[in-house]
Structures are given as C-alpha cells and as structure tokens.
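Worksheet: one structure, shown below.
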Amino acid sequence: MTGNRRWITGALQHPDRDPTRRELLATKQKPYGVVLSCIDSRVPPELVFDTGLGDLFVMRTGGQAIGPVVTGSVEYGPLTGGTPLIVVLGHQRCGAVEAAYQALKDGKPLPGNLQAIVEALRPAYEQTTREGSADPIEAMTKHQVMLTADALRGNGGLEPLVGESKLAVVAAYYSLDTGQVEVLNGAPVS
C-alpha cells in the first residue's frame, strides 16, 4: 500500500528495476505477494503498487475469473515459497464484468471462450441482482473480488496457512479515476 500511495502522488521510486536486481534474481526468487488482477491494460499491478522485478507473482484474468490453472498459479507462491500475501484486485469500470453482466441480464451468451468468463462471474451477478445497486457493474466487480478472495481463503491448500496467520488473502478495488487501491476485506491485523 505504500507503493500505491507513491503511485497516487506520482512520487514513484521504481524499486528493484536495475541490472543488479536482475542478477540477484537470476537463480532464485522470493516475491512477497501474489496479485490476481484483471487483464485491463490500465491496471498493471507492478505499476499500481510501484514494485519491481521479483517483488510480485502476478496473474491476470478477465474479471479476476479463476479456475484450476489460475488457482494453482495463485497457490504457487504461498505453497512453495511461503509468500505471505495474496491480493485479488478488481477495478473501476471493468469491461469484462460489464460484458458478463449484460450477457447474463439479456440471456445472450458471449462468443467463444468469453462465455467461460461469464459463467465464472455468475455468482457475483446473482449476488448483485439480489441486493440491487444504483451502479450494478461496480457492485458486481466488488462482489466478484470478494467472492474470489473468499474462495481462495477457503481453498484446501491455502486455508491452513490463512488459519495459522501465515497468509493473508485481501480483496481490493482500484479506482481508475484516482489510482487508489481500497482494501475491501481480508487485510492482515498487525
């Protein structure tokens, strides 16, 4: 979050982005966080958190949709290297969420494998329609982030680490307007 404050204010440090760091990491890595974010080109986690080479494991999928391969990729750091943090990062005006919302609302499937994203986002859509919202796309985005974080917290491999306070799984939301990341839930108690 310190890096995000630098991003917001433009006081970027661009840490860990030099030949010395590259050489240091050539044989071993130990990222301190995993970020699962959207594919949106406006939300690159390494920039949003002002991090550098070797700092984060980053996975990006449309609407933070998860499945076995993505979940396995998220598990990699915590289960093999003790990475203590997972951040599920949604964002304002998410096109993937909007497309899924419209497809589900209209009952019209999207072409190709895009429908897999729609189906992955269905629980967030259902929660959004049950609760109602003046801005259903933003509400659905936040529901998706929190549902994904909850699923990861309850994952068979990750749940013991969460229970032992060796891993925090944080749901967060990025504002395209301000650059600020807001923690929705799961922040570690320190």
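Results, tabulated for the structure shown:
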quantity	calculated
Search result, residues across region 1-57 that are assigned to a loop (DSSP other than H, G, I, E, B), touching a residue at least 60 places away in the same chain (Cβ under 8 Å) and open to solvent by less than 50 Å² (accessible area, probe 1.4 Å)	VAL43, PHE49
Residue within region 68-82 that is over 18 Å from LEU147 (Cβ atoms) and not in a helix (DSSP H, G or I) present	yes
Exclusive hit being more than 18 Å from the chain's Cα centre (by Cα) and either modelled with pLDDT under 95 or at positive phi (or both), set ALA11, ALA99	ALA11
First in region 162-175 and free of Cβ contacts under 8 Å to residues at least 12 places away in the same chain, second anywhere and not in a strand (DSSP E or B), Cβ under 6 Å, 6 or more apart	VAL162/ARG153
Within region 88-128, considering residues that are of a type in the set (S, T, N, Q) and touching a residue at least 12 places away in the same chain (Cβ under 8 Å), the one nearest to GLN180 (Cα to Cα)	GLN92
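The values are calculated or read from the model by the stated rules, or taken from the named source; none is laboratory data. Predicted model, so just to flag it, every value in this text is computed and none were measured. So basically every Cβ, Gly included, is an ideal-geometry build from the backbone, and we count neighbours across all protein chains shown. For accessibility, only protein heavy atoms count, side chains too; no ligands or nucleic acids. Shrake-Rupley method; radii C 1.70, N 1.55, O 1.52, S 1.80 Å.
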